[in-house]
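Novice: This structure is in structure tokens; I'll ask about it shortly.
The values are calculated or read from the model by the stated rules, or taken from the named source; none is laboratory data. Since we're looking at a predicted model, the values are computed, not measured. As a convention, Cβ positions derive from the backbone with ideal geometry for all residues, glycine included, and neighbour counts pool all protein chains shown.
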Amino acid sequence: MPKERILITVKTYPTLSQKYGELVCTAGVREDGSWVRLYPIPFRLLDYEDRYKKFDWIETTLVKSAKDPRPESHHPVDHQNITILGNMDTRDNWRERRRLVLGKATVHTKLPLLIEAAHANNMSLAVFRPTRVLDFIWEEDERAWDTAKLEAMKSMADQGDLFVGADPKRMSRIFPKLPFKFSYRFTDADHRESELQVLDWEVGQLFWNCLKQANGNEAAALVKVREKYYGDFSETDLHFFLGTTQQYHGWATNPWVIIGVFPVPHDRRLELF
């Protein structure tokens, strides 16, 4: 079975699974621009040298998921056999990232077409360019992880069933639950307004960093997060990495969420023409 090269473009904030423990959904594009989802991977249970970053090239052997019908869903034959090949940098105005993500992968601009594709099980990952970003908002969420999931994780760890090779001691370092849900409001090319939740790892990490800087003041931290995701990113050619959740993929009115953002700088050379 041949190994594949994948550029990691997506890492979502950790969630808890009663079956797999703490999970991070990761996804990326192959060299031809096609998408692949790597799931499940117990990302924070990997050894530190095996923890790939966004826009790292990795190499691994993949197999199509038998339990996840979404077309892009695969999992490594061995999650401990993932080789990091190097990082794609942002030199020359993000030239290489722009070439692959915006040049080879398809960039979508109409959300209803993506919803239809998900319902037909033709697509569950996509690059999307909003026509206009209207707002970046948040709402309060549960502040603690689900007790049943925590107990299931503890039981798996005690039984040595939390992924082969995982260190049960790392159970004590479960990522904190985000107390807020973040979302973008935007319009697409048909002027249709939508609101999608943002599940990106970086928005969660930014919140915790801002909270620390604000000495625990949540209101101040939330303002700082909005300044980044709405203020700073509005000055870029902002694209979203969209994904569907397995639970809602084929039937929800809108099964898509924002699993990553791509705030690519404007190409001033094109604006000259």
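Novice: Modelled with pLDDT of 95 or more, among the acidic types (Asp, Glu) and within 24 Å of Leu100 (Cβ to Cβ), is that true of Asp200?
Specialist: Answer is no for this residue.
Novice: How many residues are touching a residue at least 40 places away in the same chain (Cβ under 8 Å) and more than 30 Å from Pro112 (Cβ to Cβ) if we restrict to segment 141-153?
Specialist: Summing the residues that are touching a residue at least 40 places away in the same chain (Cβ under 8 Å) and more than 30 Å from Pro112 (Cβ to Cβ) in segment 141-153 gives 7.
Novice: Taking Val63 as the residue in question, decide whether it is closer than 23 Å to Val107 by Cα, modelled with pLDDT of 85 or more and among the aliphatic types (A, V, I, L, M).
Specialist: No, not satisfied.
Novice: Can you confirm whether Lys212 is assigned to a helix (DSSP H, G or I) and more than 22 Å from the chain's Cα centre (by Cα)?
Specialist: So Lys212 passes the test.
Novice: Being surrounded by 12 or more Cβ atoms within 10 Å (Cβ to Cβ), more than 12 Å from Leu38 (Cβ to Cβ) and touching a residue at least 12 places away in the same chain (Cβ under 8 Å) is the filter here; which residues of segment 60-94 pass it?
Specialist: Pro69, Arg70, Pro71, Gln80, Asn81, Thr83, Ile84, Leu85, Asn87, Met88, Asn93, Trp94
Novice: Further, regarding this structure: Just to be sure before I move on: is Glu59 of a type in the set (Asp, Glu) and in contact with a helix residue (DSSP H, G or I) (Cβ under 9 Å, 6 or more places away or on another chain) in the structure I sent?
Specialist: Criteria not met by Glu59.
Novice: Is it fair to say Asn209 is closer than 19 Å to Lys54 by Cβ and of a type outside the set (Ser, Thr, Tyr)?
Specialist: Against the criterion (closer than 19 Å to Lys54 by Cβ and of a type outside the set (Ser, Thr, Tyr)), Asn209 qualifies.
Novice: While we're looking at this one, here's another question. Contact list please: Cβ distance under 8 Å, first residue in segment 213-231 and outside the structural domain of Glu202 (by TED's automatic domain parsing) and under 16 Å from Phe182 (Cβ atoms), second residue of a type in the set (Lys, Arg) and at pLDDT below 95, pairs at least six apart or on different chains.
Specialist: none
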